[in-house]
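What follows is a single structure, written as structure tokens, with notes after it.
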Amino acid sequence: GIKTPPIHIAAGPQHVAAAFLQKFDGPVDDEYRMPEQSLVDVSAGVVPGITTLTHLHELSVTGPLKVAGISPTPSRAKVFVCEPPKEGDAMPCAKKILSGLARQAWRRPINPNDLESLLSFYQSARNDGGFEAGIRTALQAVLASPEFVFRFERMPKTVAPGTNYRVGDLELASRLAFFLWSSPPDDILLDLAAKEKLHEPATLDAQVRRMLADNRSQALTKNFGHQWLRLQNIKEASPDLFEYPDFDRTLSQSMLRETELLFDNIVRADRPITELLTANYTYVNERLVQHYGIPNISGNRFRRVDVTDPNRYGILGHASILMLTSTATRTSPVMRGKYVMEVLLGSAPPPPPPNIPALKEAADLIRPMSVRERLEEHRKNPVCASCHTLMDPIGFSLENFDATGAWRTKDSGAVIDASGKLFDGVKLDGPVSLRAAILNHSDAFIGTFTENLLAYGLGRVVTYEDMPFVRKIARQAGNDGNRFSAFISGVVTSAPFQMRRAEETPAPPTDIVAHGRSQKADVSN
């Protein structure tokens, strides 16, 4: 391997990238040198029997090499909101720092007893190590507290066991922040909650819009979008290098980013949720357009471009979705059909019956056969046909996309047949007709999205008791053009989000109920 000499950079936040520089001209000093290609992919070359170009294996960042003091950083600035006087009492500054940190970490106002406890940690460490050591120890106490690790919701003493009650404003602030930002509430939310104004409809609506416009709402894409669309599975997708030699992890990351940016635009621009299927634009960089065959795009930066091919509209034309619904060596109409039915339409097929043989791969066949021909063997079995009749036509309509999402016209030398017929008799002949068929059942798509969004907001599985609220949210959003913010507002103002049910048994002496993301019951009516 080749180890480069150290590169010295200034302290502070940095964007670091590395690559082998490719040179096409000029004299060659050493014709036996290593090839200067750029392949930043730690998984390259790990498959036995495959020779790859030189690639980046490891990048290490070490330091500081010469400590000349404490450098200012964004995180340090958030902690040390004041500096103690060089001479005199540092206690006022310590109180200001610790009360602010505890308020943010515990998501509620801090009372004198809280502050006194934290100051005891500060004092014990300050006596030995100085002001910053005291703050560090007290901060450790803040982060070790159960109030930081868990979400507690205080139940009013007047609530009778087994009855429904509206959560307090502080609890509502936490629910709202973890839903939209996946983080604790900020000072604005906490201030409104402390004044008991957050639950007021006009105030709550204004805060929802503010939070969606904030960059922290990208957590909806990273968390909810990934979970609903199964995007986290892209990391596990590994197309066979013999079948798809142009694939690498850089391409996989670009595929994922394309879908993330589309989803994020729908969130931030408040677009209709159906635009996930109909978007005639997308986000690409140079690596991705090489895969798609789009000209005149260069560089790693993603930019928005218009899509001229209707087959590529929406996420059903995204390589990310097409790759995670394929196997390593071929497409899978079954996986793609199941994905559409389960993820987009909320109608998951039953599990396959036992003892069904796997589909024969190309290497095991006497003559080359397309995936469609091989699936006919499953359809001959009446037990299998009941489900394959539903799934396969959906998957066949996407067969022009290979296992990495690239467009093709043949499979194993045969012209691809993308035709099929849905359960309702609608004929399919490719991605465009499939998208139209899904939009014809847009109520199912919107209902599935709403159900998943409500489950994410509540942090629990949606049950049959919640379905009236799902339908109400979807209906109200439909009256508002199915805009993303309409669904968010519907969830936030719903009874399951704003209320909970008191335990049947008497509350513990602390009158505190632990609340986690996996907790089940909130309210049934």
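Taken over the C-alpha atoms, the range 152-213 has Rg and Dmax values of 12.3, 39 angstrom. Each Cα pair under 8 Å and six or more residues apart adds its sequence gap; the mean of these over the residue count of the range 397-452 is a relative contact order of 27 percent.
With the convex hull drawn around the C-alpha atoms of the range 74-150, the volume per residue stands at 89 Å³. Summary value for the range 223-291: 31 percent relative contact order, contacts being C-alpha pairs under 8 angstrom separated by 6+ residues.
Legend: ranking of residues LEU434, LEU344 from fewest to most surrounding C-beta atoms inside 10 Å; resulting order LEU344, LEU434. Computed from backbone phi, the HN-Hα couplings of the range 85-99 come to x, 4, 10, x, 7, 8, 4, x, 5, 4, 4, 5, 5, 6, 5 Hz, rounded to whole numbers (Karplus: 6.51 cos²θ - 1.76 cosθ + 1.60, θ = phi - 60°; Gly and Pro given as x). In plain terms, the residue of PHE80, PHE224 with the fewest other Cβ atoms within 10 Å comes first and the most crowded comes last, giving PHE80, PHE224. A Förster radius of 41 Å combined with the Cβ-Cβ distance from THR308 to THR389 puts the calculated FRET efficiency at roughly 0.75. Put the Cα centre of the range 405-450 next to the Cα centre of the range 72-94 and the gap is 61 Å.
The Kirkwood hydrodynamic radius of the range 443-500, based on inverse pair distances between different Cα atoms, is 11.0 Å. Highest-first packing order for the peptide set 159-168, 320-329, 68-77, 92-101 is 320-329, 92-101, 159-168, 68-77, based on the mean count of other beta carbon atoms within 10 Å. In this rough spin-label picture, where each label sits 7 Å from Cα along the Cβ direction, the GLU132-THR409 distance is 6.7 nm.
Reported to the nearest whole Å, the Cα centre-to-centre distance from the range 286-313 to the range 160-184 is 42.
Rg over Rh of the range 202-292, using C-alpha atoms and the Kirkwood radius, what does it come to? Checking Rg against Rh, the ratio lands at 1.07.
If R0 is 25 Å, the Cβ-Cβ spacing of SER298 and GLU58 corresponds to a FRET efficiency of close to 0.35. Under the criterion of Cα pairs below 8 Å and six or more residues apart, the relative contact order for the range 443-500 equals 34 percent. Cross-link check: pairs LYS157/LYS197; LYS235/LYS338; LYS338/LYS427; LYS197/LYS472; LYS235/LYS472; LYS157/LYS195 evaluated at a Cα-Cα cut-off of 27 Å; pairs beyond the cut-off: LYS235/LYS472. When each of the peptides 183-195, 331-343 is scored by the mean number of other C-beta atoms lying within 10 Å of its residues, the order from highest to lowest reads 331-343, 183-195. The phi-based Karplus calculation (6.51 cos²θ - 1.76 cosθ + 1.60; θ = phi - 60°) puts the 3J(HN,Hα) values of the range 302-309 at 7, 9, 7, 9, 6, 9, 8, 8 Hz, whole numbers, x for Gly and Pro.
Laboratory data are not the source of any read-out in this text; all were calculated from the coordinates shown. As the structure is a computational prediction, the values presented were derived from the model and not from experiment. Here Cβ is always computed from backbone atoms with ideal geometry, including for glycine, and neighbour counts include all displayed protein chains.
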